[in-house]
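Trainee: One structure is given below, represented as structure tokens, and several questions about it will come after.
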Amino acid sequence: MKSTYIIAACLLFSSCTKTETRFQVFRNPSTVIPKADINNFVEEQLKQHEYFDWKMAGDTMTWSALIQSDSVLSIGYQPAGVRDLDKKIHTIDFKSAAWKEARADILALVRKNEQSDVTQIVFKEGSLPMINVKVSQFATLKALRASPLVRYAEPIGYGAYMDDTKKSDLEAASSILSSGCGYNVPKTDLVTNIDYTPILPGAKASWNYDYHRINQAWAKSSGQNVTIMLIDTGVSDAQENLGNAFNQGLSSGRSIQKLVTFSGASVNDECGHGTSMAGVIAAPRGIDGNTAGIAYNSNLITVHAAENVVILSSAAINGVTNAYVLGADDPSVKIISMSMGTIFSSGQIKDALSYAFNKQKLMFCAAGTSTSFFASFVGVIFPANQPQVIAVTGIKDNLTDRCGPCHVGSKVDFVIVMEKTSTGRNPLSTAMSGDVPSTVGGSSVATASCAAIAALVWSKYPAYPKDSIVARLTRSASNAYNRSSKFGWGVINAEAAVGI
């Protein structure tokens, strides 16, 4: 990314203040800050602060990002005087007079500055105080960001268009929206008792299960009566073990439900990532020779929320937002796992996280895996860097080194062993079709694995609140009494976490 986003020496940026001073004189909508300069500014903020929020950028830069993307502005609103909304967002009646008036005032402000009688609302509104509108005028953005009714006003689609090496925005969007897809294929070179252990009645246990004492934990819990929601790219229609063969062998009496929140998509996984994560979490311990998921008796809800593992497009951000709300509103869901992320903080996803957290959902997110998009960024990505979620990353089987592309940092809570030092082999999972397992790596598999271990624990202690489940995970981990600045509480011992 660094080479892609390099800028001319005469336009180097050292701080937010200097950047905005450089462009302060250009106050009309006809002057646009180039993508390369915006990207460089984003990268500098990530290096300095380990996160990026559009509030770090001034009006001119934010507007420039907006009109060089899909022009969709995400606006979080509230009545004047409201405080600490994140703590009570799950209890507020957004259809009450005060909230409806605030929304109406926002739309009136947009119409006035856009000089149009029509406000183009993009995506269906839900249970959160936010709205997506098409905005083209600089005056609109400036007025919104200055309004006491506005909590955030963000160009949520910019990430999908930020590749300035492409000739057109459409080409940039199509190139960057293929990240993390296409790898979920059967591995025909797996070796018995090296890459997996045969287990009854006719399944395979991944090689890394021994490091977390999964087999020993299974003697006490297999995840029964716990529902996990997986937010990802859907599940392959062709994989029967995540379909009509979900109950087989030692997996019985459970359900799999497939939903979609990504606009225009079906529940089917065309990427491969969602199928892989679903297999890690809850693939059946069956009779067909396929791999067994860690929580092989848990219920699973899969949500097709985005096109790939990097949450960049407006449709993906809305898909993820709505998926968290779905999980929050479903009383059967205890755990939400998402192995996707981005370098851009999103106000509306933060709203959704607060909404789900306040409804007592235990959420796990991937700390980050260095795809081409994340190449210059080191640290825990969004939303794993948020306080409402448990951040997970991967570690090698030497128990000291992170996996090759895995992100680490102070926001990491737990690590999962998921890469062999000698061969680079990753854990087993479920391929797009058939009974020959695939393999999957990165912080993605670590996150799904950690969520599944939590399901084993919660199944054993169904009356416990989520904080008690996290406490049991923490006490079982390798760094329980000396938290690491890179690996958090360390490697979880599932047998110890489940207990006697």
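Trainee: Report, by chain and number, residues whose modeled amide H sits under 5 Å from the one on residue 340, excluding near sequence neighbours (fewer than 5 apart, same chain).
Mentor: The answer is 366.
Trainee: Using the Karplus curve 6.51 cos²θ - 1.76 cosθ + 1.60 with θ = phi - 60°, work out ³J(HN,Hα) for each residue of the range 423-430 in order, rounded to whole Hz, and write x for Gly and Pro.
Mentor: 10, x, 4, 9, x, 6, 8, 9
Trainee: Taking a ≥ b ≥ c as the square roots of the eigenvalues of the Cα gyration tensor of the range 196-498, is the shape rounded (a/c under 1.5), prolate (a/b larger than b/c) or oblate?
Mentor: It is rounded, given that a/c, with a ≥ b ≥ c, falls under 1.5.
Trainee: Same structure, new question: Does a label point 7 Å from the Cα of residue 255, set along Cα-to-beta-carbon, have any residues of the range 285-318 with amide nitrogen under 19 Å, and which are they?
Mentor: In the range 285-318, the label zone of residue 255 (backbone N under 19 Å from the point 7 Å along Cα→Cβ) covers 296-304.
Trainee: What is the angle, in °, between the Cα long axis of helix 314-329 and the longest principal axis of the Cα atoms in the chain? Nearest 10 is fine, range 0 to 90.
Mentor: It works out to around 60 degrees.
Trainee: Among 222-229, 395-402, 135-142, 83-90, how do they line up by average Cβ neighbours within 10 Å per residue, starting with the highest? Please report the intermediate quantities before stating the final value.
Mentor: On the way: 222-229: 24.6, 395-402: 16.4, 135-142: 21.0, 83-90: 13.6.
The packing order, highest mean first, is 222-229, 135-142, 395-402, 83-90.
Trainee: Output ³J(HN,Hα) for the range 451-466: one whole-Hz value per residue in order, computed from phi by the Karplus curve 6.51 cos²θ - 1.76 cosθ + 1.60 with θ = phi - 60°, and x for Gly and Pro.
Mentor: Result, ordered by residue: 4, 5, 4, 4, 5, 4, 5, 5, 5, 6, 10, x, 8, 6, x, 4 Hz.
Trainee: Karplus couplings for the range 405-419 from phi (6.51 cos²θ - 1.76 cosθ + 1.60, θ = phi - 60°), rounded to Hz, Gly and Pro as x?
Mentor: So the J values, rounded to whole Hz, are x, 7, 7, 10, x, 5, 7, 5, 9, 9, 10, 10, 5, 8, 8.
Trainee: Mind running the shape call on the range 412-492? Use the C-alpha gyration tensor, a ≥ b ≥ c as the square roots of the eigenvalues: rounded below 1.5 for a/c, prolate if a/b tops b/c, oblate otherwise.
Mentor: oblate
Trainee: How long is the gain from residue 475 to residue 463 if the chain were fully straight, where each residue apart is worth 0.36 nm and the alpha carbon distance is subtracted? Can you show the working numbers first?
Mentor: Numbers: separation 12, 0.36 × 12 = 4.32 nm, distance 1.88 nm.
My answer for the length gained is 2.4 nm.
Trainee: Need one number: nm distance between label points at residue 216 and residue 48, each 7 Å from Cα along Cα→Cβ, rounded to one decimal.
Mentor: Rounded to a tenth, the inter-label distance reads 4.9 nm.
Trainee: Moving on to the next point. For the residue pair residue 112 and residue 96, what label-to-label distance in nm results when each label sits 7 Å from Cα along the Cα-to-beta-carbon direction?
Mentor: 2.5 nm
Trainee: Scan around residue 425 for amide H atoms under 5 Å from its own, H built in the peptide plane at 1.01 Å from N, and keep only partners 5 or more places away or cross-chain.
Mentor: HN-HN under 5 Å from residue 425: 420.
Trainee: Out of all DSSP beta bridges in the range 196-498, what portion is antiparallel? Express it as a percent rounded to 5.
Mentor: For the range 196-498, the DSSP antiparallel bridge percentage is about 25.
Trainee: Ranked highest first by average number of other Cβ atoms within 10 Å, how do 270-276, 91-97 line up?
Mentor: The packing order, highest mean first, is 270-276, 91-97.
Trainee: Another question, then. Please list, ordered by chain and number, the residues whose modelled amide H lies under 5 Å from the amide H of residue 251; skip anything fewer than 5 residues away on the same chain.
Mentor: 285
Each reported figure results from applying straightforward, stated rules to the coordinates on display, with no laboratory input. Please read these numbers as outputs of a predicted model, since none were measured by experiment. Please note: Cβ atoms are built from the backbone with ideal geometry, for glycine as well, and neighbour counts cover all protein chains shown.
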